[in-house]
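One structure is given here, and the rest of the page talks about it.
The values are calculated or read from the model by the stated rules, or taken from the named source; none is laboratory data. In this text the structure is predicted, and so the values were computed from the model without any measurement. With ideal geometry, Cβ positions are generated from the backbone for all residues, glycine too; neighbour counts draw on all protein chains shown.
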Amino acid sequence: MRLSLGFSGATRCPFPGNRAHGSAEATKSGLTTWQPVGAFLTPTAIFAILLALHVVLPAQRVAGYERVTSSRYRLNGLAVFVCAIVIWWSELTLAPLGWLWLAKLRALDGAVALSAVITGWMVGRAPADHRSLLVQWIEGRSRNLQFRRDVDAKMFMYVFGGTFLALNAVSSAAYHYSQYGQAANVGLFLHTAMWVWFVADYFCFERGQLLTFDIIEERLGFKLIVACIAVYPCLYPIALWGTAGLARPDIDPSWEPLWLVSSAAVFLLGWVITHGANLQKYVFKRFPERPFLGSVRPVAITDGERSILCSGFWGAARHMNYTGEILEALVVRRRIILGKTDLSLQRASATFICHSTPRWRALVAVEQAVIAACSALSSPLRRPATLWRVVALSSHSALCSQLPCCGV
């Protein structure tokens, strides 16, 4: 591997005590003079490569949800995902494996900028309506936009978001290994594997996305586009921003196998619940009379037009799939990487000082603004106010606890 290409070990996440005062911001982030420009353009380059793969690679052509659309879609997300991982791992882009971790902040800036450009183009293509211009820009105008009659804008953005997320996770793990070698944190690699599994599972079941609210009702506006291009791929694996540059946590080696195995078991339990609930809903929507897994007969409440499934997973809870996602998130985002919740006094002080910088405050402000906008513009049934408060607090907590400086 050529992880050290153009970079040195000095690019590890620095603390105020060993920073050179007056150095350039690029130097603090581990990037040389021109590399911030490349980092900023990285999401655009990946977007172009994935779009080319999506168009060129063979695809399954399927119909959408017949009750609401006559559109047909070409699905090849899994092929695009595998090709992208192979291309990145082989360093065919000429970027080192750990580049996305080093470029993370500039890449996030570039992803948001790319989202704004794409939003302006997509919103401008559709006719205006009675809503204010700002609301139309944020929420969007058209619910569906296809090119060549089969390349769907929404489905491709999901392909981009999932693949870019996996690349960010793999790149962070590669950077961590390049710094610590055999002394690397095994929990971090398990964390990365969970994200790759999460994305691969989506692509294996890509057709199920065609029956979701996002495809049927969501409009193509900044809210959806920035979520797919910036928030989903860059901020979901945000724990890796602060931990890939940290040494292995001080855990009793005799407990480590139990800790890792139990964490993986809880994650897989969450995956079974989420995947099972989503698969049952998918089968019910396509084949309302078919028993799920051959034994769980569908039981539904209906008014003649709409039906509510209330058997199997959906008989246990209204959104059993969210229960599984919560279990997955608890394992992925908590102590599996840090290994312990207590930070050293030096690290805590470094985190406090770092969180006082203007760029840090701007990052938190932008993140909270997106949450507030989504909360205000989304349906109350889909985004209860209490849930958004929890998401806001959780997201802010993740930023404040899992990003110890890292050149922000």
Looking only at the stretch 113-144, which residues are among the hydrophobic types (A, V, I, L, M, F, W, C) and surrounded by 18 or more Cβ atoms within 10 Å (Cβ to Cβ)?
Leu114, Ile118, Met122, Val123, Trp137, Ile138
Tell me yes or no: at least one residue of the stretch 176-196 is farther than 23 Å from Leu260 by Cα and surrounded by fewer than 17 Cβ atoms within 10 Å (Cβ to Cβ).
no
Can you say whether Asp201 is under 20 Å from Gln60 (Cβ atoms), touching a residue at least 12 places away in the same chain (Cβ under 8 Å) and surrounded by fewer than 17 Cβ atoms within 10 Å (Cβ to Cβ), as far as the supplied structure shows?
yes
Taking only the stretch 94-146 into account, find how many residues are free of Cβ contacts under 8 Å to residues at least 40 places away in the same chain and assigned to a helix (DSSP H, G or I).
7
The condition of being in contact with an Asp or Glu (Cβ under 9 Å, 6 or more places away or on another chain) and modelled with pLDDT of 90 or more holds, among Val196, Val186, Val159, Val170, only for Val159
Residues in the stretch 250-263: is at least one under 24 Å from Ala316 (Cβ atoms) and touching an Asp or Glu at 6+ places or on another chain (Cβ under 9 Å)?
no
Can you run down the residue pairs with Cβ atoms below 8 Å, 6 or more apart or on separate chains, where the first is in the stretch 288-300 and in contact (Cβ under 8 Å) with a residue 24 or more places away in the chain and the partner is among the small types (Gly, Ala, Ser)?
none
Scan Ala45, Ala107, Ala63, Ala52 and give me the residue that is modelled with pLDDT of 75 or more, assigned by TED's automatic domain parsing to the domain that holds Ala230 and either surrounded by 17 or more Cβ atoms within 10 Å (Cβ to Cβ) or on the phi > 0 side of the Ramachandran plot (or both).
Ala107
Considering only the stretch 271-278, I want to know if a residue exists there that is within 20 Å of the chain's Cα centre (by Cα), at pLDDT 85 or above and in the same structural domain as Gly162 (by TED's automatic domain parsing).
no
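Residues checked against (1) within 17 Å of Val331 (Cα to Cα); (2) over 12 Å from the mean Cα position of the chain (by Cα); (3) assigned by TED's automatic domain parsing to the domain that holds Tyr282:
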| residue | (1), (2), (3) |
| --- | --- |
| Gln146 | no, yes, no |
| Asn168 | no, no, no |
| Val196 | yes, no, no |
| Phe205 | no, yes, no |
Does the stretch 324-332 contain at least one residue that is charged (D, E, K, R), crowded, with 16+ Cβ neighbours inside 10 Å and under 33 Å from the mean Cα position of the chain (by Cα)?
yes
Within the stretch 62-75, can one find any residue that is among the acidic types (Asp, Glu) and either touching a residue at least 12 places away in the same chain (Cβ under 8 Å) or touching a helix residue (DSSP H, G or I) at 6+ places or on another chain (Cβ under 8 Å) (or both)?
no
Looking at this structure, is Leu240 within 17 Å of the chain's Cα centre (by Cα), surrounded by 19 or more Cβ atoms within 10 Å (Cβ to Cβ) and not acidic (Asp, Glu)?
yes
Pairs needed: first member in the stretch 225-248, over 18 Å from Ile46 (Cβ atoms) and in contact (Cβ under 8 Å) with a residue 24 or more places away in the chain; second member anywhere, among the aromatic types (Phe, Trp, Tyr) and buried (at least 23 other Cβ atoms within 10 Å of the Cβ); C-beta distance under 6 Å; at least 6 residues apart or different chains.
Ala244/Trp101; Ala244/Tyr175
Find all pairs meeting these conditions: Cβ atoms under 9 angstrom apart; at least six residues apart or on different chains; first residue within the stretch 252-280 and within 17 Å of Ala193 (Cα to Cα); second residue aliphatic (A, V, I, L, M) and part of a loop (DSSP other than H, G, I, E, B).
Trp259/Ile251
Only one of (1) of a type in the set (Lys, Arg); (2) touching a Lys or Arg at 6+ places or on another chain (Cβ under 6 Å); (3) crowded, with 20+ Cβ neighbours inside 10 Å is not met by Lys154, so which one is it?
(2)
Being out of contact with any helix residue (DSSP H, G or I) (no Cβ under 8 Å at 6 or more places or on another chain) and free of Cβ contacts under 8 Å to residues at least 60 places away in the same chain is the filter here; which residues of the stretch 207-224 pass it?
Thr212
